[in-house]
Amino acid sequence: MELQQDGTQETVELVYRPTRADILAGVLVRERRRHLHLVRWGFTGLFAVAAALVVAAQGSSSPSWVTAVLCAALIWSIPHLQAHHVVRTVSWQGEYRTSVNETGIATDTVHTTLLQRWSVFRGFRETRDHVVLLSRDPNILLVEVLPKRGLHAPEEAERLVAVLSRHLPRV
């Protein structure tokens, strides 16, 4: 256990309200880790090509073209739809107060308290505005997003990454 000079455990605290952008960052990191972005872009491209072929064909029907375009748009927007759904699910809990220390990650809201030990996670990935932790399960069903804007000071981002690095690999 890493102790500060005064003998206490090093803790990094975040205070934030989850936003759609936070959730989207987590969904996109999860998607890339599982290589689902390749599948999503492949199907988007397939339907876009189908729409172009329908338009180019003689005597093509308008509904066929519209259906292919809508399918391409829907497939492309899946991460955005997921983020929208998740933020609607969690936003009613209000402000999140999260502590990251040697024990794990503890999150408190007005309605819940959650402690996640380090063994829950396989690793983390840092983005410009977020730190995303990915669960250990094969399908990465759990994603914990820590928005850097929730830190008390910008320089605390380095401390946050240092605590995470002691317990989890970068993925």
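The values are calculated or read from the model by the stated rules, or taken from the named source; none is laboratory data. Remember, it's a predicted structure, so these values are computed and weren't measured experimentally. Glycine gets a Cβ as well: all are built from the backbone with ideal geometry, and neighbour counts include every protein chain shown. Protein only, heavy atoms only, side chains kept; ligands, DNA and RNA dropped before computing areas. Shrake-Rupley method; radii C 1.70, N 1.55, O 1.52, S 1.80 Å.
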Karplus-derived 3J(HN,Hα), 6.51/-1.76/1.60, for each residue of segment 61-74, Hz, glycine and proline x: 8, 5, x, 5, 5, 5, 4, 5, 5, 5, 4, 4, 5, 5
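Give me the number: length gained by fully extending residue 36 to residue 110, i.e. 0.36 nm times residue separation minus the C-alpha to C-alpha distance, one decimal in nm. Let's see the in-between values first.
Details: separation 74, 0.36 × 74 = 26.64 nm, distance 3.47 nm.
Stretched fully, the residue 36-residue 110 segment lengthens by 23.2 nm.
In square angstrom, what is the accessible area per residue of the chain with a 1.4 angstrom probe?
Details: 10000 Å² over 171 residues.
Per-residue accessible area for the chain comes out at 59 Å².
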Of the trypsin sites (Lys or Arg not before Pro) in segment 25-133, those whose Cβ has at most 16 other Cβ within 10 Å and which sit in DSSP loop: 34, 128
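Estimate the FRET efficiency between residue 102 and residue 139 by the formula 1/(1 + (r/R0)^6), using the beta-carbon distance for r and 30 Å for R0, to the nearest 0.05.
Values: r = 28 Å, r/R0 = 0.94.
Once rounded, the FRET efficiency stands at 0.60.
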Paramagnetic reach from residue 162 (point 7 Å along Cα→Cβ, amide N under 14 Å) across segment 100-137: 101-102
Highest-MSF residue in the chain out of 57, 48, 21 [GNM, Cα springs under 10 Å]: 57
Average Cα contact separation per residue, the chain, under 8 Å, 6 or more apart, as relative contact order %: 28
Once exposed loop GluC sites (Glu not before Pro) are cut out (DSSP; at most 12 other Cβ, 10 Å), longest piece of the chain: 3-94
Segment 18-163: equivalent-ellipsoid semi-axes (sqrt of 5 x gyration tensor eigenvalues, Cα, Å): 39, 16, 13
Calculated from backbone phi, Karplus (6.51, -1.76, 1.60) coupling profile of segment 24-30 in Hz, x at Gly/Pro: 4, 4, x, 4, 5, 5, 4
Signed unit charges on C-beta, dipole axis of the chain, positive-most listed residue 24, 37, 93: 37
Carbon/sulfur fraction of accessible area - the chain, other protein chains in place, 1.4 Å, %: 60
